[in-house]
Each structure stands twice: as C-alpha cells, then as structure tokens.
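The values are calculated or read from the model by the stated rules, or taken from the named source; none is laboratory data. Not measured: the values here are computed from a predicted model. When we count neighbours, we look across all protein chains shown, and the Cβ atoms used for this are built from the backbone with ideal geometry, even at glycine.
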Amino acid sequence: MQKYGTHQEAPTSAWIIQVWASFVLSASATTLGILNLPANDWVKGYMGMGVLFSVGSTFSLAKTSRDVYESKRLVSRVDEA
C-alpha cells in the first residue's frame, strides 16, 4: 500500500461555484456590515484593513499548506527513488 497517492481528482464545477459564491457572499456581507456600523470612518477603515489582511493571510496559508503537502507526495520525490 502506498503512503502517498498519485491520483488526485479535479474539483467539480458545482464545488468551484459553491466556493466562489460563499467567498463573494461572505466578503459582501462583511463589507456591508462594516459600512453600516455606527462608528467613525477611521474605525471602519481599521476594521476593513483587518478583514483584507485576514483574507490575504488565509490565501497565503492555504497555498503554503498545499505546497507542503505536494512536496511530500510520492510523485514529487523522484530524486529519492
């Protein structure tokens, strides 16, 4: 039995649509919530920057996790064969 699989299925169109719809909906709802807060503009700006940095770091973390996983796969370790 292999420790790391060599076959990886592509995501379905339904999954891709669901992921993008979820992202757009959550980003829109958060933006509307921040804009409608009863607070000063600098507070809203600070919260908006926090959301943008959180989204950016989430993408970076997901990419790094994927890269670490792919570097450990059997297919990418041909040099050790």
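Quick one: in the range 68-81, of everything that is in a helix (DSSP H, G or I) and either among the hydrophobic types (A, V, I, L, M, F, W, C) or surrounded by 10 or more Cβ atoms within 10 Å (Cβ to Cβ) (or both), which residue is modelled with the lowest pLDDT? Working first, answer last.
Pass one, the range 68-81, residues in a helix (DSSP H, G or I): 68-72, 78-80.
After this cut, where a residue has to be either among the hydrophobic types (A, V, I, L, M, F, W, C) or surrounded by 10 or more Cβ atoms within 10 Å (Cβ to Cβ) (or both) as well, the list is 68-70, 72, 78.
Working: V68: 90, Y69: 89, E70: 85, K72: 82, V78: 63.
Taking the candidates together, the pick is V78.
Restricting to the range 39-74, what's the tally of residues that are closer than 19 Å to A29 by Cα, free of Cβ contacts under 8 Å to residues at least 12 places away in the same chain and among the small types (G, A, S)?
Total satisfying the criteria: 5.
Looking at the range 45-53, is at least one residue part of a helix (DSSP H, G or I) and in contact with a Ser or Thr (Cβ under 7 Å, 6 or more places away or on another chain)? If you could, list the steps in order and put the result at the bottom.
Step one: of the range 45-53, the residues part of a helix (DSSP H, G or I) are 45-53.
Going one step further and asking which of them are in contact with a Ser or Thr (Cβ under 7 Å, 6 or more places away or on another chain), we end up with 51.
Yes, the conditions are met somewhere in the range 45-53.
Condition test on I34, is it at pLDDT below 95, surrounded by 10 or more Cβ atoms within 10 Å (Cβ to Cβ) and part of a helix (DSSP H, G or I)? If you could, list the steps in order and put the result at the bottom.
Numbers: at pLDDT below 95: no; surrounded by 10 or more Cβ atoms within 10 Å (Cβ to Cβ): yes; part of a helix (DSSP H, G or I): yes.
No: the conditions fail for I34.
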